[in-house]
Structure formats: structure tokens, C-alpha cells
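Enquirer: The structure is given below, and queries will be raised subsequently.
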Amino acid sequence: MNAYDNAMRQLEKASQLINLDKDVLAKLSAPERVIMASLPVKMDDGSLRIFQAYRVQYNSARGPYKGGIRFHPQVDLDEVKALAFWMTIKCAVVDIPMGGGKGGVVVDPKSLSLAETERLSRAWIRAFKPVIGPEIDVPAPDVYTTPQIMAWMADEYGQLAGKPSLGVVTGKPLEYGGSKGRDVATATGGFYVLSEAIKEKDLEPKKSQVAIQGFGNAGSVMAKLLFKAGYKIVALADSKSIIYNDKGLDIDKVFEYKKNSGALSGFENSKEISKEEFFALDVDILIPAALENQISKDNADNIKAKIVLELANGPTSPEADEILYNKGILLVPDVLANAGGVTVSYFEWLQNISNNYWSEEEVDSELRERMIPSFQAILQMAKEHKTDLRTAAFMLALARIESASKIRN
Ligand code: NAD
């Protein structure tokens, strides 16, 4: 499965339903700019390695490009293009005045030392400096990129620019231009949306069983928030194993265990299950929070959850979307479910460029005020057009991109 093909199929479906202007559709059918670079990085042993890197600037109809940088061995251009396209849609879904972009490096970050990671991060900025900037294109963290990496990147950019330029990347540490609440924003936004979605399915937190795939920034914070709110998390997956306990996992203890052992495997009173079993679990809520292409026509039929909340980007194929919709499963799409991340990134950027910093309460209430009305607008659109939430979210976003595009020419 190719993530970009999936993205273009989603675009086609929604654009037909709103009769999208053909020129706007043409513009959205390809990225505005694709930049590739070879990053030379000195390894700790003195050797030189070259890393393939990308930045895709997909669409800027509504403002500067915005989107994360991924460090992963499976990064490829089609994946970065898909992610950049989804950022365009996502910013429009939550009505952020920014466009969509995404970057990546083909690297196994676990094979690098801290010093090598720093040199790679700085090399990325040196390569892409001419095409990014606080008013042009603003990267952020994604899979296996961290606030520390963002700090190195902002520092490198500032040195090259000859002036502090904190607004060049978001997701920075609090000590260096970061926003309060950014570290938990993706999951918090997803949590607010889920709190509305469960009402549609007559579910209650304390009676709901949850399975989460991915225990990184998005998945682990979500697990913590849900556990605190009384949901029962029965299954958790990371890249190495999947643990299950039908009585519920104590998430505080899981955090402690993973911190000490580096793994989920072997956690007390849990058994390991296969990926196939994970997706067939009899749970109420299923949360993919790892990588794309996890739910396909091969496993969608087995899904028993009443709600699928996509914290990951692109975890569901178009065929699987249709299967889930026909089964009556409420799928809350990535472009809404994980939009809390880019929303607080936007707040961080606003704070950087105005040099005026917000309290945690301000960030949280501004986030809530964007997430819940966006969910309600999309739900209403889906009901009106008798379609799924993803298509409705695309319809809403495309209409906004269309009006910005048309007013400009
Ligand atoms: P992360 O690097 O912090 O964590 C990724 C997690 O996925 C890790 O726990 C890893 O072990 C797990 N994982 C990797 N491969 C796996 C596999 N094959 N099976 C099961 N688990 C696997 O990344 P993240 O920031 O949490 O991002 C996860 C997803 O959420 C991505 O799709 C990302 O694009 C999306 N997302 C993240 C943010 C954010 O702010 N962090 C915002 C929007 C969307």
C-alpha cells in the first residue's frame, strides 16, 4: 500500500462530493515543491555517512507550510508527500492559517549516538535553510524526532541566520521557546475529541475498554490521560511487542516498567499477543498511534471496536475505511484526532513571533476550543451527507482551501 495513493483517493472522494473547483483540485493533486538533499554526517568513529533527506512543501494557499520531520528507516518520498498533504488538510480542519509540509530522513535513529543525532539534525537545517523559516515553512517533531532535536535545529538555523529565530521550528523544549502543553497536545486533542465521540456511541469512560498501538509521544500520553479518566486499557503495543490483560493494565506501572526495562514485554500479569489478535480484540475503542497502513482490507473485518481514533497519521487504507463505515464503526480520522499537535505547534509559533508566552491553562482552553467545535462541525457534515467522518473532514477542509485559493486568483 502506498500512503500517497491512499491520500489521493481520499482527496478524489471528498472533492467529488463538494464539487471542488477543478483548478484547486489540480493544485492539490501534486505538491508545490519537493526538495531532496544528501546529508553528510561525521560518525563518532570518524567515518562519513550520507543520509537521504526530504522536505515536501505541499500547499500554501492558507499560509506558511507546517509539518513535522520524521527520522525512520522506512521514510520515502511518497510517504513524505502523503504526510505533507494530510498536514494541508489538517491545518484547514482546525482552521489554522497555515499550509501543509513534511520532512524526513532515511535513518534508523536507534543506531545513532546522541552526538551523531545532533550532527544529523544540524545537517538537516543546513541543507534546507534556504527554503524554510518562520514565515515560510515551520517544521516540528514527528516519529523519532524530539524536543531536543528541535532545539538543535532552532539553534542551527539561528546561527546561520545571524539572529535568534525561535519560530523556525515548533515542538521545542520549554527552556528554549517551547510552549506549555505542546508535549501532551496531540493526545490531549485526541482525548477531547474522543470525549465527544463516545457520546455518539453511548459509551462511558469507566465502562470502556481500549487498545492502543504505539507507546511514543502520542500513544503513551493518550494511555495516561485515558487511564486517569477511568478507561480500562487492556492492550498496548510498541514496535517490539504487544501486551494484553483483560482486567486492564496499570498505566503508571507500565511507564515505570518501560522506563526501567526499555520494553513492554514481560510486564506483570500481561500476556503477549500477535498483531492479528490485537486488531481483533473485543474492545470499545481502538487507537492506532504508531505508523501508517495498519488497518487494511485484510484485518478491518475483524475489528470489533465501536470507535477507532486515529492518533497516528494514515493508519487506515481507503478499502478499510469503507469496511469500517459499513460495519457502523465510528472512525475519527487522523486529520482531526491528532490535530491537537499542530494546533499547539501553531500556538507555540504565535508565542515565538510575539515573544509573549501563555499559561498552561490558556493553551489548554484554546486547544479545547478548537478541537470540540471542529469535531461537532465534522459530525454534522457527515450526518448531513450520510458519509464517514474522514470524508466530512476533507469536505470541510477542502472548502476552506478552495476559498483561500480562489480569492487569491
Ligand atoms: P514516537 O516516535 O514518539 O512513537 C512511536 C511509537 O510507535 C513507539 O512507541 C514505537 O515503539 C511504536 N511503533 C513503531 N513501529 C511500530 C509497529 N510496527 N507496531 C507497533 N508500534 C510501533 O512517535 P509519535 O510522535 O508518538 O507518533 C506516532 C504517530 O502519531 C505517527 O503516525 C505520527 O505521525 C502521529 N502524530 C504524532 C504527533 C505528535 O505530536 N507526536 C502529532 C500528530 C500525529
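Enquirer: Take each complete run of DSSP H in the chain, measure how far its Cα atoms stretch along the helix's own axis, and keep only those covering 27 Å or more with mean Kyte-Doolittle hydropathy at least -0.5; list them.
Expert: Correct list, ordered by number: 389-408.
Enquirer: What does the convex hull of the Cα atoms of the range 184-337 come to per residue, in Å³, rounded to a whole number?
Expert: Residue-normalised Cα hull volume stands at 94 Å³.
Enquirer: I've got another one for you. For the chain, what is the convex hull volume of the alpha-carbon atoms per residue, in Å³?
Expert: About 135 Å³ per residue, rounded to a whole number.
Enquirer: Using only the Cα atoms of the range 111-209, construct the convex hull and provide its projected area averaged over every direction, in square nanometres to one decimal.
Expert: Mean shadow area of the hull around the Cα atoms is 9.2 nm².
Enquirer: Using only the Cα atoms of the range 355-409, what semi-axes does the equivalent ellipsoid have when each is the square root of 5 times a gyration tensor eigenvalue? Give whole Å, largest first.
Expert: 27, 19, 6
Enquirer: Also, quick follow-up: Step by step: find N for the range 221-311, compute 2.2 N^0.38 Å, then divide the Cα radius of gyration by it. What's the final number?
Expert: Compared with the compact-globule rule of thumb, the range 221-311 sits at 1.05.
Enquirer: Below 8 Å between Cα atoms, with a sequence gap of 6+, how large is the relative contact order for the chain in percent?
Expert: About 17 percent, as a whole number.
Enquirer: In debye to the nearest 20, how big a dipole does the chain give about its Cα centre with +1 on each Lys and Arg Cβ and -1 on each Asp and Glu Cβ?
Expert: Its charge dipole is roughly 520 debye.
Enquirer: Report, largest value first, the span of the C-alpha coordinates of the range 169-211 along each principal axis, in whole Å.
Expert: So the extents along the principal axes, rounded to whole Å, are 43, 16, 14.
Enquirer: Mark the label point 7 Å from the Cα of Leu350 along Cα→Cβ and return the residues of the range 64-93 whose backbone N is within less than 18 Å of it.
Expert: Zone members listed by number: 64-67, 90-93.
Enquirer: Along the principal axes of its C-alpha atoms, what lengths does the range 32-166 span, in descending order and rounded to whole Å?
Expert: Principal extents (Cα only, largest first): 47, 35, 23 Å.
Enquirer: Related question: Using alpha-carbon positions, what is the distance between the centroids of the range 266-292 and the range 224-250, in Å?
Expert: The two parts, judged by their Cα centres, are 8 Å apart.
Enquirer: In addition: What does the charge count near Phe255 come to, summing +1 for each Lys or Arg and -1 for each Asp or Glu among other residues with Cβ under 15 Å from its Cβ?
Expert: Charge balance in the 15 Å sphere: -1.
Enquirer: Amide H neighbours of Ala312 under 5 Å, counting only residues 5+ apart in sequence or on other chains, H built in-plane at 1.01 Å?
Expert: For Ala312, whose amide H was placed from the backbone, the distant partners under 5 Å are Ala289, Ala290.
Enquirer: Could I ask something else about it? Order the peptides 236-244, 271-279, 362-370 from the highest to the lowest mean number of other Cβ atoms within 10 Å of their residues.
Expert: Order by mean packing, descending: 236-244, 362-370, 271-279.
Enquirer: Cβ under 14 Å from Glu204's Cβ, Glu204 left aside: what net charge do those residues give with Lys, Arg +1 and Asp, Glu -1?
Expert: Charge balance in the 14 Å sphere: +2.
Enquirer: Let me ask something additional. Distance from the Cα centre of the range 171-203 to that of the range 331-363, in angstrom?
Expert: Spelled out, the Cα-based centre of one part sits 9 Å from the other.
Enquirer: Whole percent per 10 Å bin, from 0 to the bin with the longest distance: what is P(r) over all C-alpha pairs of the range 1-54?
Expert: 19, 31, 20, 16, 11, 3
Enquirer: I need the fraction of alpha carbon pairs in the range 264-405 separated by more than 21 Å, rounded to a whole percent.
Expert: Value for the range 264-405: 53 percent of Cα pairs lie more than 21 Å apart.
Enquirer: Most fluctuating residue of Ile378, Ile287, Ile18 in a GNM of the chain with Cα springs under 10 Å: which is it?
Expert: Ile18
All of the numbers you see were taken from the coordinates with simple rules; none came from a lab. Just so you know, these numbers come straight off a predicted model, no measurement behind them. Please note: Cβ atoms are built from the backbone with ideal geometry, for glycine as well, and neighbour counts cover all protein chains shown.
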